[in-house]
Amino acid sequence: MEDLKERVSLDQALEAASMTGMTTAIWARVHPDKAAVIDPDGRVTTFAQLNAAANRLARLFRQHGLKAGDSLALVCSNRAEFVAVLAATLRSGIRFTPVNWHLTVDEIAYIIKDCEAKVLVGEARVASVGPAAEQCPDLVLKLAVGGAIAGFVEYDTALAPLDGSDIPDPVLGNSMMYTSGTTGRPKGVFRPAAVVTPQAMYAMRGYDHETSVQLCAGPAYHAAPLAFDVRAAMGAGVPLHFIDKWDSELVLKTISEQEVTHLHLVPIMFQRLLALSPEIKARYPVDHVQYIVHGAAPCPPEVKHAMIEWFGPILSEYYAGSEGGAGFTITSEEWLRKPGSVGKRPMLLQCRILDEAGADLPNGVAGGIYHQLPPGGGFTYYKDEAKTNASRVDGFFTMGDVGYFDEDDYLFLTGRNAETIISGGVNIYPQEVDNELIKHDAVADSSTVGVPHDEWGEQVKAVILLKPGYQPSDQLAQEILDFGRKTLPAFKVPRSLDFVTELPRSEAGKIQRNKVRAPYWEGRTRQI
């Protein structure tokens, strides 16, 4: 009975703390000396240390005049400081924007300025941080993690003199993730109110704060690892093991030796784990793993079958985006009955399948997938009313996906707007690539598309129309790709290039990317 009372009391304290961003403070009292974050190099940060760092950061922000609603940008790899900064923003009312540290200097600077960051926390090993900061005159505080950056204050030095005790007046902070725009610059997905995760969610996923262990094998700056790995570990009060760069055997070894119970993966990670030799797999038992959540990209049925056979029916798939959505999930047991589905029509928020004229389609007929916005409108694309409105129809919005409901109301994805490429679980917007390739002297026009790839799902291909006087050749193709590599992050650079004599255009003169893409997917049932 006493154990039950303690459990109820803890749950109540955590529910209250989640409303003010102080969940980490509760766990720091429950098990202060327990490991909260284990860095890739083995450095351990306890819950007490993590909570104290969050309080010191909150006080530092206030010293520099920051208040609730102000913005912070973080350019940092998977390490404890990432979690501490997140915890600090959650309790100080600050809007948190993690930035992909693989982006170029100009791309990082754009996001810092666009999110109106007053604080920039950057990792010294990311060479682009310093030059990006130089383009952002409105920053009032710049903190350098893991070394020195010119013009920045060193993180540990700034925090050392400050009080680590819990701040008395916490205010729940918010997050704003950036999703690349189909016609150019990335856009922030802005919600006016912070989202509170019910504490019961962690119980539903099987977390036990005494025995569960979380692994984060993907980049924490990405929405899915941030939610399902980092925020989950913080909310459930369990150790978070960080891996900074994918290594299949290292991931499997970590899962086995650290007795990881919970983790988020994407299909390409499944494929790479499955590709390990039988000898390596036999070396690392995984029978203790309780919950693997996956999404971000379609998973080939044969790959998911193999993962379930190896790990057991513990895979939970989700379908959503940074913008939110109706919240589709499907268990392994359901999926085995409905292979390829992403889940049943949700009960709370509706989902509609519409044709190009905006009319509802019956079950069994594929069309655009539209998710109901929650009361109050849900989200907007930050400072971009046109993009916000373009995605909406009568209180519903689309992320550009195509699919259908079967006779039992299970959703199946069949295609996607050609303006999005998902390669290895990462969204790439082809217009960004075209905007750079078109600058090459030989290129008259460019239409970048995603083409089928057995491992990555899709691979980036540039389809190029040359200017008069230029002839297609392997040498010219390589020259154009190298040109793109100068300004594009590596993951956006096309892996191949085709030359064409014409590109299909609409009556308005716009390239019809879906028609450019179609021949590469011919004969395939699924177009994703």
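What follows draws every value from the coordinates through simple rules; no lab data is involved. Only a predicted model underlies this, so the values are computations on that prediction, with no experimental measurement involved. Neighbour counts run over all protein chains shown; Cβ positions are idealised from the backbone, glycine included.
Using DSSP, restrict attention to beta bridges with both residues in the chain and report what percent are antiparallel, rounded to the nearest 5.
55 percent
When you count, for each residue, the other Cβ atoms within 10 Å and take the mean per peptide, how do 113-120, 495-502 rank with the highest first?
113-120, 495-502
Using Cβ contacts closer than 10 Å as the measure, can you line up HIS209, HIS222, HIS262 from fewest to most?
Ascending number of Cβ neighbours within 10 Å: HIS209, HIS222, HIS262.
For LYS383, LYS338, LYS245, what's the fewest-to-most ordering of other Cβ within 10 Å of each Cβ?
Result, fewest neighbours first: LYS245, LYS383, LYS338.
Could you state the orientation-averaged shadow area of the convex hull built on the Cα atoms of segment 380-523, in nm² to one decimal?
11.7 nm²
Which order do the peptides 348-361, 458-471 take when ranked by the mean count of other beta-carbon atoms within 10 Å per residue, highest first?
In descending order of packing, they fall as 458-471, 348-361.
Which Cα, out of VAL293, THR388, TRP335, lies furthest along the positive dipole direction of segment 269-408 (beta carbon charges, K/R +1, D/E -1)?
So the residue we want is VAL293.
Only four residue types carry charge here, +1 at the Cβ of Lys and Arg and -1 at the Cβ of Asp and Glu. Report the dipole size of the chain about the Cα centre in Debye, rounded to the nearest 20.
Approximately 760 debye in magnitude.
Taking just the alpha carbons, could you work out the radius of gyration and Dmax for segment 283-390, both in angstroms?
17.1, 56
Among the listed pairs LYS34/LYS142; LYS467/LYS515; LYS113/LYS515; LYS253/LYS492; LYS187/LYS486; LYS387/LYS467, which are separated by more than 28 Å between their Cα atoms?
Distance filter (> 28 Å) returns LYS34/LYS142; LYS113/LYS515; LYS253/LYS492; LYS387/LYS467.
Using alpha-carbon pairs under 8 Å, 6+ residues apart, how would you state the relative contact order of segment 47-196 in percent?
Reported as a whole number, the value is 28 percent.
Could you tell me which of ALA87, LEU162, ALA54 has its Cα farthest along the dipole of the chain towards the positive end, charges placed at Cβ (Lys, Arg +1; Asp, Glu -1), taken about the Cα centre?
Sorting the options by dipole projection puts first LEU162.
Sequence-distant or interchain residues sharing an amide H contact under 5 Å with ARG95, placed H: which?
Correct list: GLY69, ASP70, SER71, LEU72, ASN174.
Ignoring solvent entirely, what values of log10 I(q)/I(0) come out of the Debye formula for segment 357-461 at 0.21, 0.23, 0.24 Å⁻¹ when each Cα is a single scatterer?
For segment 357-461, the Cα-only Debye profile gives -1.20, -1.24, -1.26.
Between ARG524 and ASP208, what length in nm is gained on full extension when 0.36 nm per residue of separation is reduced by their alpha carbon distance?
Additional length available on full extension: 109.4 nm.
Relative contact order, percent, of segment 421-521 when contacts are C-alpha pairs under 8 Å separated by at least 6 residues?
Taking the mean separation of contacting Cα pairs over the length of segment 421-521, I get 28 percent.
Give me the net charge of ARG283's neighbourhood, meaning all other residues with Cβ under 10 Å from the Cβ of ARG283; Lys, Arg count +1, Asp, Glu -1.
Computed value for this residue: 0.
Rounded to the nearest 10 degrees, what's the angle between the helix 2-18 long axis and the longest principal axis of the chain, both from Cα atoms, 0 to 90?
It works out to around 60 degrees.
Once Rh for segment 47-196 is found with the Kirkwood sum over Cα pairs, what is the Stokes-Einstein diffusion coefficient at 4 °C and 1.567 mPa s, in µm²/s?
Diffusion coefficient, whole number: 85 µm²/s.
How high is the relative contact order of the chain, in percent, counting Cα pairs under 8 Å that sit 6 or more residues apart?
10 percent
Going by average Cβ density within 10 Å per residue, which order do the peptides 27-38, 269-280, 72-83 take, highest to lowest?
72-83, 27-38, 269-280
Please give every one of the lysines within straight-line cross-link reach of LYS338, meaning a C-alpha to C-alpha distance under 19 Å, and leave out same-chain neighbours fewer than 8 residues apart.
Within the straight-line limit of under 19 Å, LYS338 reaches these lysines: LYS304.
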